[in-house]
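Written below as structure tokens is the structure these notes are about.
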Amino acid sequence: MKRWNANSTALLVLALTIGVWAQQDPGPRTGAAGAGGAYSSLNANELQFFTQASAIFAEMDSVQGTIEPGKGLGPAFNGNSCAMCHAQPAVGGSSPGTASPQNPIANPQVALATLDGATNAVPSFITSSGPVREARFIFNSDGSLDGGVHDLYTIAGRSDAPGCTLAQPNFAQQLSHNNVIFRIPTPVYGLGFVESTPDATLQANLAATKSARWHLGIGGSFNTSGNDGSITRFGWKAQNKSVLVFSGEAYNVEIGVSNEAFPNERSAVSGCVFNNSPEDASNLLNPNPSSPNYGTTVGTISEMSSDTVNFAAFARLSAPPTPAAPTQSTQNGQAIFENIGCALCHSESLTTGASPYTGMSNVTYHPYSDFALHHLGSGLADGIVQGSAGWDQFRTAPLWGVGQRLFFMHDGRTSDLLQAILDHSVNNCRQRGCQSEADGVIHNFKTLQQSQVQDLLNFLRSL
């Protein structure tokens, strides 16, 4: 029989306490989506560009453009539209789901498996009530590092892909080898502000908290471009330099459309390539049949631009998420957020530099992120190296809009905001290298009274 001791009692108390806390996440905020629109100061031309770009962001792709209007899907893919994955609480957000107060829908990746005659099987980690996910393999079969995305589905069997026999990856086998990690979509709202924030501003922001971070065991460094040394800031590991690169990579990797940023077709096996590459390119002639300038060299910026440029424009010109009106509880929670150390990584405010877009220069915005990399320890480590971001490092996830988000952490492992907080720390870490930089903050969090925990959760759900 296992001997009961003081440590066992402490663990039971902690477990019971966490169990009570877990019921207190208010859940995704109800009401209208606080995001998805254009930034309020845009001029008429910029607003027109945003409006047209948002429609292209939502356009569905088929293989040859003969079923759904867009062209270039596959040969392998995770989705058939940017808006399929970036949907909650509105187009441009994170993963949709059945728990959404705004637009409750089942994970669209389930139905996508057999859309238009495709013969894919739905992997075990894709469920109707779960998040949209991409899968990455940590290692190759020879033991070398992989880290790349292995798309869920192929175009085999689709009515617009005759003769293609490309097989899906053997996810069951790779899962049995613990070789698969997941990522969920990051929201793209307000990214024009992030992109136009000078490197010097990010560096000064990180330097300003150096002493306070040191006392809590928090480090912090930036991922940088191997070409010019400038700070990269987009993606779960801040691996992408710009919104345009981020968009081009996603279009190529997630939907399978080759483009001017990523011009080579992925999984280009014989019998599965139906279009010239790049499939998405700038338009020399106006491609819009409803335009009076159709077939000429005259058109709007959006019409003459590639899809990839439109995706980037949608993200750049979108407004940041709008938080809920403050209450006494959320104001208390914000003070607690700062006092226990959360704000040392989740910086409330940054200021843009000069921007080419109307009203977006020298604007103070509130992303709740320092956009730096931090070690989060063995509990969250995904084993993936991207740029200078190591196996357990992640960019501080911006918290703006978290009040209406359905899934948390890089892999969507939980829908419970309290659990997401606790997951920042590593329990029972007894070996070197398994610690998380958030351990000190989570220690402070665990000393809070129940009312303070509730205020903190209410504050986060107000963002």
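The values are calculated or read from the model by the stated rules, or taken from the named source; none is laboratory data. On a predicted model such as this, the values are computed, not experimentally measured, just so you know. Ideal geometry is used to build each Cβ from the backbone, glycine not excepted, and the neighbour counts take in all protein chains shown.
Which number in (1) of a type outside the set (Val, Ile, Thr); (2) surrounded by 21 or more Cβ atoms within 10 Å (Cβ to Cβ); (3) more than 24 Å from the chain's Cα centre (by Cα) marks the one condition that ASN332 misses?
It is condition (2) that ASN332 fails.
Of everything in the range 302-312, what is in contact (Cβ under 8 Å) with a residue 24 or more places away in the chain and either over 12 Å from LEU244 (Cβ atoms) or assigned to a helix (DSSP H, G or I) (or both)? Give them in sequence order.
Across the range 302-312, the qualifying residues are SER302, GLU303, ASP307, THR308, VAL309, ASN310, PHE311, ALA312.
Considering only the range 106-126, I want to know if a residue exists there that is surrounded by 19 or more Cβ atoms within 10 Å (Cβ to Cβ) and in contact (Cβ under 8 Å) with a residue 60 or more places away in the chain.
Within the range 106-126 (the criterion being surrounded by 19 or more Cβ atoms within 10 Å (Cβ to Cβ) and in contact (Cβ under 8 Å) with a residue 60 or more places away in the chain), the answer is no, since none of the residues qualifies.
For ALA381, work out the one condition from (1) closer than 24 Å to ALA208 by Cα; (2) in a loop (DSSP other than H, G, I, E, B); (3) touching an Asp or Glu at 6+ places or on another chain (Cβ under 9 Å) it doesn't fulfil.
With (1) closer than 24 Å to ALA208 by Cα; (2) in a loop (DSSP other than H, G, I, E, B); (3) touching an Asp or Glu at 6+ places or on another chain (Cβ under 9 Å) applied to ALA381, the lone miss is (1).
On the given criteria, is ALA121 of a type in the set (Gly, Ala, Ser) and part of a strand (DSSP E or B)? It would help to see each step written out before you state the result.
On the way: of a type in the set (Gly, Ala, Ser): yes; part of a strand (DSSP E or B): no.
Taking the combined requirement at face value, the residue does not satisfy it.
SER267 fails exactly one of the following numbered conditions: (1) touching a Pro at 6+ places or on another chain (Cβ under 7 Å); (2) under 24 Å from SER349 (Cα atoms). What is the number of that condition?
(2)
So which of SER290, SER282, SER270 ends up being in a loop (DSSP other than H, G, I, E, B), polar (S, T, N, Q) and at pLDDT 95 or above? Can you show your working first?
On the way: SER290 fails: at pLDDT 95 or above; SER282 fails: at pLDDT 95 or above.
Selected residue: SER270, the only one of SER290, SER282, SER270 that is in a loop (DSSP other than H, G, I, E, B), polar (S, T, N, Q) and at pLDDT 95 or above.
Within the range 271-318, can you find the residues that are aromatic (Phe, Trp, Tyr) and buried (at least 16 other Cβ atoms within 10 Å of the Cβ)? Steps first, answer last, please.
Residues of the range 271-318 that are aromatic (Phe, Trp, Tyr), as a first pass: 274, 294, 311, 314.
The answer is PHE274, PHE311, PHE314.
Assuming THR327 fulfils every condition listed in (1) more than 23 Å from GLN88 (Cβ to Cβ); (2) not assigned by TED's automatic domain parsing to the domain that holds ASP455 apart from one, which condition is it?
Evaluating THR327 over (1) more than 23 Å from GLN88 (Cβ to Cβ); (2) not assigned by TED's automatic domain parsing to the domain that holds ASP455 leaves (2) as the failure.
Please go through the range 426-462 and pick out each residue that is buried (at least 19 other Cβ atoms within 10 Å of the Cβ), at pLDDT 95 or above, out of contact with any Lys or Arg (no Cβ under 9 Å at 6 or more places or on another chain) and assigned to a loop (DSSP other than H, G, I, E, B).
The answer is SER436, ALA438.
Tally time: how many residues in the range 133-180 are hydrophobic (A, V, I, L, M, F, W, C), more than 15 Å from ILE255 (Cα to Cα) and out of contact with any Phe, Trp or Tyr (no Cβ under 7 Å at 6 or more places or on another chain)?
Count: 9.
Residues SER95, SER62, SER81: which one is assigned by TED's automatic domain parsing to the domain that holds ILE301, in contact with a helix residue (DSSP H, G or I) (Cβ under 8 Å, 6 or more places away or on another chain) and buried (at least 24 other Cβ atoms within 10 Å of the Cβ)? It would help to see each step written out before you state the result.
Working: SER62 fails: buried (at least 24 other Cβ atoms within 10 Å of the Cβ); SER81 fails: buried (at least 24 other Cβ atoms within 10 Å of the Cβ).
Only one candidate qualifies: SER95.
Spot the failing condition for ASP142; the list is (1) more than 18 Å from HIS86 (Cα to Cα); (2) surrounded by fewer than 18 Cβ atoms within 10 Å (Cβ to Cβ); (3) modelled with pLDDT of 95 or more; (4) not polar (S, T, N, Q), and only one is missed.
Tallying (1) more than 18 Å from HIS86 (Cα to Cα); (2) surrounded by fewer than 18 Cβ atoms within 10 Å (Cβ to Cβ); (3) modelled with pLDDT of 95 or more; (4) not polar (S, T, N, Q), ASP142 fails exactly one: (3).
Filter the range 392-420 down to residues that are in a strand (DSSP E or B) and not polar (S, T, N, Q) and give me whichever is surrounded by the most Cβ atoms within 10 Å (Cβ to Cβ). Give the derivation first.
Looking only at the range 392-420, we keep the residues that are in a strand (DSSP E or B), and these are 393-395, 408, 414.
The next check asks that each one be not polar (S, T, N, Q); those that pass are 394-395, 408.
Values: PHE394: 22, ARG395: 25, PHE408: 23.
Result: ARG395.
Residues of the range 226-247 being within 11 Å of ALA312 (Cα to Cα) and in contact (Cβ under 8 Å) with a residue 24 or more places away in the chain, which ones? Break it down stepwise before answering.
Step one: of the range 226-247, the residues within 11 Å of ALA312 (Cα to Cα) are 242-247.
SER242, VAL243, LEU244, PHE246, SER247, listed by residue number.
Filter the range 202-225 down to residues that are within 16 Å of LEU350 (Cα to Cα) and exposed (fewer than 15 other Cβ atoms within 10 Å of the Cβ), then give me how many there are.
Going through the range 202-225, the residues within 16 Å of LEU350 (Cα to Cα) turn out to be 202-209, 222.
Within this subset, residues satisfying the condition of being exposed (fewer than 15 other Cβ atoms within 10 Å of the Cβ) are 203-204, 207-208.
Qualifying residue count, the range 202-225: 4.
Regarding GLY27, is this residue closer than 30 Å to VAL149 by Cβ, assigned to a loop (DSSP other than H, G, I, E, B), in contact (Cβ under 8 Å) with a residue 60 or more places away in the chain and within 20 Å of the chain's Cα centre (by Cα)?
Criteria not met by GLY27.
Just a yes or no: is a residue in the range 35-51 in contact with a helix residue (DSSP H, G or I) (Cβ under 7 Å, 6 or more places away or on another chain), buried (at least 24 other Cβ atoms within 10 Å of the Cβ) and part of a loop (DSSP other than H, G, I, E, B)?
no
Looking at ALA261, ALA315, ALA250, which is the one that is part of a loop (DSSP other than H, G, I, E, B), touching a helix residue (DSSP H, G or I) at 6+ places or on another chain (Cβ under 8 Å), closer than 19 Å to THR186 by Cβ and in contact (Cβ under 8 Å) with a residue 40 or more places away in the chain?
Details: ALA315 fails: part of a loop (DSSP other than H, G, I, E, B); ALA250 fails: part of a loop (DSSP other than H, G, I, E, B).
From the options ALA261, ALA315, ALA250, the qualifying one is ALA261.
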